1. Restricting to the stretch 175-201, what's the tally of residues that are surrounded by 15 or more Cβ atoms within 10 Å (Cβ to Cβ) and either at pLDDT below 85 or under 40 Å from the mean Cα position of the chain (by Cα) (or both)?
2. Which of the residues that make up the stretch 54-74 are more than 22 Å from residue 38 (Cα to Cα) and not in a helix (DSSP H, G or I)?
3. Does residue 97 count as modelled with pLDDT under 80, basic (Lys, Arg) and exposed (fewer than 13 other Cβ atoms within 10 Å of the Cβ)?
4. Would you point out which residue out of 158, 105, 170, 120 is among the aliphatic types (A, V, I, L, M), modelled with pLDDT of 90 or more and open to solvent by less than 80 Å² (accessible area, probe 1.4 Å)?
5. Inside the stretch 28-42, can you point out the residues that are open to solvent by 10 Å² or more (accessible area, probe 1.4 Å), in contact (Cβ under 8 Å) with a residue 24 or more places away in the chain and under 25 Å from the mean Cα position of the chain (by Cα)?
6. Could you run through the stretch 83-121 and say how many residues are of a type in the set (Val, Ile, Thr) and under 18 Å from residue 149 (Cβ atoms)?
7. Of the conditions (1) out of contact with any Leu (no Cβ under 8 Å at 6 or more places or on another chain); (2) at positive phi, residue 59 satisfies every one except a single condition; which number is it?
8. Would you pick out the residues in the stretch 69-82 that are open to solvent by 50 Å² or more (accessible area, probe 1.4 Å) and touching a residue at least 40 places away in the same chain (Cβ under 8 Å)?
Amino acid sequence: MSADNAYDSTEITQWLLETESLEDFLQSLADAALEVSGVEGTGVTLERDGRPLTVVSAGPPALKLDEKQYGQDDGPCLRSLRTGQEIVVHDMLSEERWGDYPAYAASCGIRSSLSLPIAARTPTAGALNLYAAPPNAFHDVGLDAVRSLAAQATGGVALAQRMFATQEFADQMRTAMRSRSVIDQALGVIMGQRRCTADEAFGILRTASQHRNVKLRDLCTELITNLTGRPPSLPDMDPGP
């Protein structure tokens, strides 16, 4: 094992700037973890809504060992993810936790493993998993580099979560404003036809929506389309350059 020094944070920042997705960024981290640790396989697991997934991996054994743990809903990877602790397996042949997983790992040529938490206790918690062929591969070895990579992965996931939340909010606002525009156009139609107030027109549309069991926006879209022969016009929501 050669992971004795913290990984160059400048290079990690460059990865974040150059990659176009969280998956690409995490793949760079998994590849780096494989290189600096000298193990047979690495992988990054993220859990969303209680479902774990290997988002990236490097080296042949990582994916199948991750999947084995997901199948039994337990294992060092999931334990690290759910507790926020580093989980070390010194020798799969003497490991008594996690059912038949250790025997399966040993049959795949993996005798030891290390799982480090990523974004612990967040909606998208995860783990950086390292799988090594010899037993005790992580005993008395400096692991500053892989710990640094796990910390950087935590930062990348947190940034992605904030970006997703911001984008989701913006999408919701655009949808709400477009729905409001369609409803306003339908209100104008009803007010002109019935010579009523906006509140009265809204009551008519809402009652029709409930009776037909369709969404108010869909009802308004149908009304305007039938009347004009084309869908209602929508406001330009392009945020621009």
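The values are calculated or read from the model by the stated rules, or taken from the named source; none is laboratory data. Values in this document were obtained by computation on a predicted structure and should not be read as measured data. Cβ placement follows ideal geometry from the backbone for every residue including glycine, while neighbour counts extend to all protein chains displayed. These accessible areas exclude ligands, DNA and RNA; they are computed on the full protein's heavy atoms, side chains included. Shrake-Rupley method; radii C 1.70, N 1.55, O 1.52, S 1.80 Å.
1. Looking only at that region, the number is 7.
2. The answer is 73, 74.
3. Against the criterion (modelled with pLDDT under 80, basic (Lys, Arg) and exposed (fewer than 13 other Cβ atoms within 10 Å of the Cβ)), residue 97 does not qualify.
4. Working: 158 fails: modelled with pLDDT of 90 or more; 170 fails: modelled with pLDDT of 90 or more; 120 fails: modelled with pLDDT of 90 or more.
Exactly one of 158, 105, 170, 120 is among the aliphatic types (A, V, I, L, M), modelled with pLDDT of 90 or more and open to solvent by less than 80 Å² (accessible area, probe 1.4 Å), namely 105.
5. Selection gives 31, 34.
6. 3
7. The one condition residue 59 does not meet is (1).
8. 82
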